[in-house]
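Worksheet: the structure to be examined is printed underneath.
The values are calculated or read from the model by the stated rules, or taken from the named source; none is laboratory data. Given the structure is predicted, the values throughout are model-derived calculations rather than measurements. Every residue, glycine as well, gets a Cβ built from its backbone with ideal geometry; the counts of neighbours run over all protein chains shown.
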Amino acid sequence: MSFPKDFMWGVASAAHQIEGAYNEDGKGLNIWDVCAGIKGNTKYNETGKVACDHYHRVDEDIANMVKLGVRNYRFSISWARILPDGTGRINEKGLQFYSDLVDKLLANGIEPIVTLYHWDLPYELYKKGAWLNDDISEWFLEYTKVVVDALSDRVTYWITINEPQCVLGCGYYAGFHAPFEHANTRNLLHMGHNILLSHGKAAHYIRHNAKKKPMISFAPIGPSYIPENESPEAVEAARAKTFDIGGEGFAFSISYWSDPVYLGHYPEQLYELFGDLVPAYNKEEMELISEPLDFYATNIYYSNSTFRKDVYPENWYQGRPETDLGWAMSPEVMFWSTKFLYERYGKPIMISENGMAEHDWVCLDGKVHDTYRIDYTHRYLLEFERAWEEVGVPIMGYLHWSIMDNYEWSEGYDKRFGLIYVDYRTQQRIIKDSGYWYKEVMATNGDSLHAAQ
């Protein structure tokens with residue numbers, strides 16, 4: 001067994017979670033800068049205003065990537081750092097920060113993978129109605145043009161929007177992410193369509209205007225189900241659940257987002273559930289939304305089959321292995337989810353995020369011995385490899401979430417995902433045992449995964 005020779009090993013991060021410098025060098029405010037400061041929105045009322053101070057420590061952080069042998073680095077760009085008001089005036093210092101970051105990565109043999117939007121909407125655009133305002137797809141296009149025109153001579157890989165499920169579902173349906181609201185179904189469907197149109201316009205611009213031939217995707221997450229056994233009936237039942245719209249919680253589904261993008265239409269189930277509430281669109285809009293993409297980037301952490309005691313009590317048991325966020329240890333999801341996604345959408349699969357949150361600490365020897373993270377990642381990677389070896393899923397890459405501990409949104413700094421430990425009091429970085437283990441995995445193209453078996 002082996003991974004493809006050109007497999008893309010790497011790590012990932014997001015601007016608001018690591019950069020800090022929330023009001024420096026001309027950056028505008030985003031919705032997290034404002035909403036996380038409102039009492040009760042985040043654990044311990046913590047904000048990302050400093051985070052990992054990556055904005056000032058970028059050289060140190062790249063040096064640590066070099067130590068680990070990182071080949072690919074996915075990062076997001078702060079819209080409000082580029083366009084402080086969301087549109088109009090360009091902040092040249094902000095643009096230069098990312099241009100310099102790309103240059104430094106390339107100088108160290110690291111391929112940049114740029115995410116245009118990772119949940120940090122400029123606050124000035126929120127005040128104008130955010131995703132309910134039909135102008136937002138043009139605002140996003142304006143921002144995309146600035147970034148692509150500046151960086152596409154050096155950047156090949158582009159991801160338009162990270163986890164649209166969380167943009168809409170966490171931010172406006174469940175209300176535990178910024179802007180911490182609860183919209184009605186009509187407005188949720190309206191916002192969802194504008195998010196899709198924003199993606200489509202951005203993808204179209206990148207495709208036709210990037211200076212280097214681009215590779216484009218977006219990065220959905222979504223429910224994934226493991227069959228009870230490998231009988232045809234059980235497999236089809238798991239597949240059906242994986243792509244089910246899910247009723248009022250449609251914003252969290254896979255097919256609501258990926259069917260328009262990859263298949264060119266909304267799922268029929270959406271109309272069965274919501275009828276005339278589904279926004280009308282013209283042919284040109286859907287052609288933009290379904291601008292052809294090069295791969296399917298997906299963030300996978302756990303199987304919904306084992307996620308919640310109240311939903312699947314038969315699969316839940318006291319003491320089950322789970323991460324610090326309560327996400328079940330379910331490595332088989334990497335096999336089944338990628339299999340189902342490839343069979344439905346027909347694109348090479350990149351795991352754009354996978355990792356686990358824990359309460360890490362520095363031991364007496366000054367090191368972080370996170371053996372559980374090593375075991376977790378080991379198991380998930382074997383299942384991803386299995387999808388390639390056993391059923392021929394074209395697996396393209398794996399980006400570990402995250403390169404370093406960071407601001408975990410409404411969880412504040414309580415959950416640690418990193419391969420590198422961050423002491424938030426001093427900003428000291430310590431490479432964890434998992435970081436050194438993953439270094440060997442990357443260096444051997446995954447062969448070391450089998451040496452320990």
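Going by what's in this entry, would K283 be described as within 25 Å of V147 (Cβ to Cβ) and not hydrophobic (A, V, I, L, M, F, W, C)?
So K283 does not fit the description; no.
Quick check on this structure: which one of L263, L277 is surrounded by fewer than 16 Cβ atoms within 10 Å (Cβ to Cβ), on the phi < 0 side of the Ramachandran plot, in contact with a helix residue (DSSP H, G or I) (Cβ under 7 Å, 6 or more places away or on another chain) and aliphatic (A, V, I, L, M)?
Numbers: L263 fails: in contact with a helix residue (DSSP H, G or I) (Cβ under 7 Å, 6 or more places away or on another chain).
Exactly one residue qualifies, and that residue is L277.
Going through the range 48-67 one residue at a time, which ones are surrounded by fewer than 21 Cβ atoms within 10 Å (Cβ to Cβ) and either outside any helix (DSSP H, G or I) or touching a Ser or Thr at 6+ places or on another chain (Cβ under 7 Å) (or both)?
Correct list: K49, V50, D53.
Could you list all residues from the range 174-193 that are assigned to a helix (DSSP H, G or I) and within 19 Å of the chain's Cα centre (by Cα)?
G192
Among V167, V146, which is in a helix (DSSP H, G or I) and closer than 22 Å to S290 by Cα?
Testing whether each residue is in a helix (DSSP H, G or I) and closer than 22 Å to S290 by Cα leaves just V167.
Please verify whether the range 227-240 includes one or more residues that are part of a strand (DSSP E or B), at pLDDT 95 or above and either surrounded by 23 or more Cβ atoms within 10 Å (Cβ to Cβ) or not hydrophobic (A, V, I, L, M, F, W, C) (or both).
Checked the range 227-240: no residue is part of a strand (DSSP E or B), at pLDDT 95 or above and either surrounded by 23 or more Cβ atoms within 10 Å (Cβ to Cβ) or not hydrophobic (A, V, I, L, M, F, W, C) (or both).
For the list (1) more than 19 Å from the chain's Cα centre (by Cα); (2) surrounded by 22 or more Cβ atoms within 10 Å (Cβ to Cβ); (3) farther than 24 Å from W139 by Cβ, I need the number of the one condition that V70 fails.
Result: V70 passes all but (1).
In the range 70-104, how many are part of a helix (DSSP H, G or I), among the charged types (D, E, K, R) and over 20 Å from T156 (Cα atoms)?
Residues meeting the conditions: 3.
Does the range 249-282 hold any residues that are under 17 Å from I221 (Cα atoms), among the aliphatic types (A, V, I, L, M) and part of a loop (DSSP other than H, G, I, E, B), and which are they?
Within the range 249-282, just I254 meets the criteria.
Among residues belonging to the range 124-158 that are surrounded by fewer than 21 Cβ atoms within 10 Å (Cβ to Cβ) and hydrophobic (A, V, I, L, M, F, W, C), point out the one that is nearest to the chain's Cα centre (by Cα). Reasoning before the result, please.
Kept after step one, since they are surrounded by fewer than 21 Cβ atoms within 10 Å (Cβ to Cβ), are these residues of the range 124-158: 124, 126-129, 132-135, 138, 141-142, 145-146, 149-150, 152-154, 156.
Then drop every residue that is not hydrophobic (A, V, I, L, M, F, W, C), which leaves 132, 141, 146, 150.
Details: L132: 23, L141: 20, V146: 22, A150: 23 Å.
Looking at the filtered set, the residue picked out is L141.
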